[in-house]
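Here the structure is laid out as structure tokens; the discussion comes afterwards.
The values are calculated or read from the model by the stated rules, or taken from the named source; none is laboratory data. Predicted, not measured: the structure shown is a model, and the values here were computed from it. Cβ coordinates were reconstructed from backbone atoms using ideal geometry, including for glycine residues, and neighbour counts include every protein chain displayed. Protein only, heavy atoms only, side chains kept; ligands, DNA and RNA dropped before computing areas. Shrake-Rupley method; radii C 1.70, N 1.55, O 1.52, S 1.80 Å.
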Amino acid sequence: MRVRFHGKLTKGWVLGPTDDLPARTLPVMRAVSPVRFFDAELLELARWISTRYVTPMAEVLGALSPPRVASEERTEDARVVATDPVVGAVVDSTVWRGYTDGPRLSEAIVARDGAFVVRPAPEDEQMLAVEGVRVCLAGGRRAIVIVPEASPRPATVTALEGAFGERVVVFAGGDARTRYRTWLRILVGDADIVVGTRPAVFAPVSSLGLIWVARESHPAHREERAPYHHVRDVALRRASIAGAVAVLAAACPSTEAASLGLPTVVSTTKRWPKVEVVRPGPEGRAPRLVRALGQVRRAFVFSPLPGAGVAQVCRSCGAAAACAICGGMLRASGGEIRCVVCEAPGRCATCGSTTFAVRRGGAERVEAWASRAAPVPVRRATEPRLPSADGEVLVGGADAVRDLGVAGLDLVAILDADLAARRPGLTARERALAIWMEAVGWARPAGSAIVQTEHPGDPGVQALVRGTPDRFYQRERERRAAAGFPVGSAVFRVIGTDVLEETLDEHRPITSLVSSLGGRTVCLLALEPDRVPAFGEAMRRLATTGVVERVEAEPHL
């Protein structure tokens, strides 16, 4: 609906009847749409999100559906009642018998109760999602499957479409009209299975029985705009409200997921490639890797650094290399040197020279030396794909590691593993390990992997060798607790006036870091989860007085 507020027509939603009427109310100017945008379950979820992430309710309600396209609506959309899902055949859940707690998960989906963490063997990732959905449909319920990326088309989406055909609706990508049209189809019950990216967690699916979060540890599952929610937490909450089962699936689940105390479904037998650890060679050219590349047909070399090297010093004046415009780092790529921040042509910030001494290294250099070692073509991955079946070695970074299905590669190599420990951010090591494990999984069922590192005892490297991150999680929990941001705490960044720090101390944060930016006070704090509701109410009150300008939940650390 629309209400005239301070002279402007403002969008609002009808939440239901109330006896708590203020002394002055504004008249509704007009109804915007006959479509019901949320039911009682989604409204309960929205209230929880508003409280948990300290976000205005209007922001949350606006996130529940894509932008409205009026011409896509029909009068009957307001009246139609979603049909019951089509019940499938009785399922023989033998696929789960090779997994600890697998039969328990299958039974829970039928009973519509519980939440699980699933660590699939690399070749089972898509199959387990399909079987979970199959059990759900057989019980007469619908399913939501959430993937972190829409392009290229994830193998999980392809597998679901192959198994269930027109019962699947893909809610990912497209223009505003296409997204709203798809959302309306879901609303009226045209789909038994909705598969999509982050917004799919809010899909208006009735008779919901399963929410399956694929590649749960992927950073794209965290919303970068208000309400700053994480799909993992919203999926768990929505499943609890709807009487459904939530599954958090990944080769390497996040430390947060692993610390929830949920039953973990893993293969009863070790199904992981042999992983060999070697010392790095110049530009990643370890002798053992060079020999191995000489015997492969299909391989993937993970090189996290793009380009051909990084400028170190100016050859003219000897000053440390830095961009003359923004002071950023200068990288050699494609035969030229450019700033990695502003992309301006490389000029010395001190004398303006364009000649630099470059420390060689990166994907371009790896492509060059690997081409001399391998008997098949070597190419840098310009888009996510698997090496050609005719024989090929691909060189790529994190963007090349996607949900591409069973690869069956001869070799996967991880270069510059030690960079993960030097990257900023509390979760940098965990993100690196998740990518490594997905990439190394491409060597199943008969290939092997080589990891180059100066620190073979590093917990992340050892997790990669063993194929299980359990010990890594323990070290991560200890490290984050020591840093003041223990796993499971609620983290917020608050911007306001100079009295903000004193006000926040009243909420007894686990950690509170204070800085200033542009004359404003910036506080980064971690709270016990049970303190968040009171903290949120206080932030809303302080926002009306101007003390608080902005609250951001779960910022990247």
Subject >> Filter result for the condition that a residue is open to solvent by less than 50 Å² (accessible area, probe 1.4 Å), over 20 Å from residue 36 (Cβ atoms), of a type in the set (Gly, Ala, Ser) and at pLDDT below 95, over 196, 281 >> reply: 281
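If you go through the stretch 402-418 one residue at a time, how many are closer than 15 Å to residue 431 by Cα, part of a loop (DSSP other than H, G, I, E, B), open to solvent by less than 40 Å² (accessible area, probe 1.4 Å) and in contact (Cβ under 8 Å) with a residue 60 or more places away in the chain? So that I can check it myself, show each step before the final result.
First, pick out the residues of the stretch 402-418 that are closer than 15 Å to residue 431 by Cα: 402, 414, 416-418.
Okay, now just the ones that are also part of a loop (DSSP other than H, G, I, E, B), so 402, 416-418.
Retained after the next criterion (residues that are open to solvent by less than 40 Å² (accessible area, probe 1.4 Å)): 417-418.
Still in the running and in contact (Cβ under 8 Å) with a residue 60 or more places away in the chain: 418.
Counting residues in the stretch 402-418 that are closer than 15 Å to residue 431 by Cα, part of a loop (DSSP other than H, G, I, E, B), open to solvent by less than 40 Å² (accessible area, probe 1.4 Å) and in contact (Cβ under 8 Å) with a residue 60 or more places away in the chain gives 1.
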**OP:** Sort through 484, 496 and tell me the only one that's over 21 Å from residue 543 (Cα atoms), surrounded by 14 or more Cβ atoms within 10 Å (Cβ to Cβ) and over 23 Å from the mean Cα position of the chain (by Cα).
**Re:** 484
Original post:
Is it the case that some residue within the stretch 482-494 is part of a helix (DSSP H, G or I), without any contact (Cβ under 8 Å) to a residue 60 or more places away in the chain and of a type in the set (A, V, I, L, M, F, W, C)?
Top reply: yes
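Before we move on, is residue 119 closer than 30 Å to residue 224 by Cα, modelled with pLDDT of 95 or more and open to solvent by 20 Å² or more (accessible area, probe 1.4 Å)?
On the way: closer than 30 Å to residue 224 by Cα: yes; modelled with pLDDT of 95 or more: yes; open to solvent by 20 Å² or more (accessible area, probe 1.4 Å): yes.
Yes.
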Subject >> Cβ-Cβ under 8 Å pairs, at least 6 apart or on other chains, the stretch 306-335 side of a type in the set (Val, Ile, Thr), far side surrounded by fewer than 18 Cβ atoms within 10 Å (Cβ to Cβ) >> reply: 310/329; 310/359; 313/319; 313/320; 313/357; 325/342; 325/344
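Could you check the stretch 154-196 and list, in sequence order, the residues that are among the charged types (D, E, K, R), farther than 20 Å from residue 131 by Cα and out of contact with any strand residue (DSSP E or B) (no Cβ under 7 Å at 6 or more places or on another chain)? Show your work before the answer.
So in the stretch 154-196, the residues among the charged types (D, E, K, R) come out as 161, 166-167, 175, 177, 179, 181, 185, 190, 192.
From what is left, the residues that are farther than 20 Å from residue 131 by Cα are 175, 177, 179, 181, 185, 190.
Matches in the stretch 154-196: 175, 177, 179, 181.
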Original post:
Which of the residues spanning the stretch 360-378 are assigned to a loop (DSSP other than H, G, I, E, B) and surrounded by 15 or more Cβ atoms within 10 Å (Cβ to Cβ)?
Top reply: 361, 362, 374, 376
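Any chance the stretch 316-323 includes a residue that's surrounded by 22 or more Cβ atoms within 10 Å (Cβ to Cβ) and assigned to a loop (DSSP other than H, G, I, E, B)? If you could, list the steps in order and put the result at the bottom.
Residues of the stretch 316-323 that are surrounded by 22 or more Cβ atoms within 10 Å (Cβ to Cβ), as a first pass: 321, 323.
After this cut, where a residue has to be assigned to a loop (DSSP other than H, G, I, E, B) as well, the list is 321.
Yes: one or more hits.
Residue 526: over 30 Å from the mean Cα position of the chain (by Cα), of a type in the set (A, V, I, L, M), closer than 25 Å to residue 229 by Cβ and modelled with pLDDT of 90 or more, yes or no? Show your work before the answer.
Values: over 30 Å from the mean Cα position of the chain (by Cα): no; of a type in the set (A, V, I, L, M): yes; closer than 25 Å to residue 229 by Cβ: yes; modelled with pLDDT of 90 or more: yes.
No, not satisfied.
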Original post:
Listed residues 399, 390; which is in a helix (DSSP H, G or I), open to solvent by 40 Å² or more (accessible area, probe 1.4 Å) and without any contact (Cβ under 8 Å) to a residue 40 or more places away in the chain?
Top reply: 399
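Regarding residue 513, is this residue without any contact (Cβ under 8 Å) to a residue 60 or more places away in the chain and touching a Ser or Thr at 6+ places or on another chain (Cβ under 9 Å)?
So residue 513 fails the test.
Could you pull out the residue among 311, 357, 292, 299 that is surrounded by fewer than 22 Cβ atoms within 10 Å (Cβ to Cβ) and part of a strand (DSSP E or B)? Outline the logic, then answer.
On the way: 311 fails: surrounded by fewer than 22 Cβ atoms within 10 Å (Cβ to Cβ); 292 fails: part of a strand (DSSP E or B); 299 fails: surrounded by fewer than 22 Cβ atoms within 10 Å (Cβ to Cβ).
Only one candidate passes the filter, namely 357.
Listed here are the residues, each with its yes/no results for (1) open to solvent by 30 Å² or more (accessible area, probe 1.4 Å); (2) farther than 24 Å from residue 255 by Cα; (3) acidic (Asp, Glu); (4) outside any helix (DSSP H, G or I).
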position: 132; (1), (2), (3), (4): no, no, no, no
position: 137; (1), (2), (3), (4): no, yes, no, no
position: 143; (1), (2), (3), (4): no, yes, no, yes
position: 157; (1), (2), (3), (4): no, yes, no, no
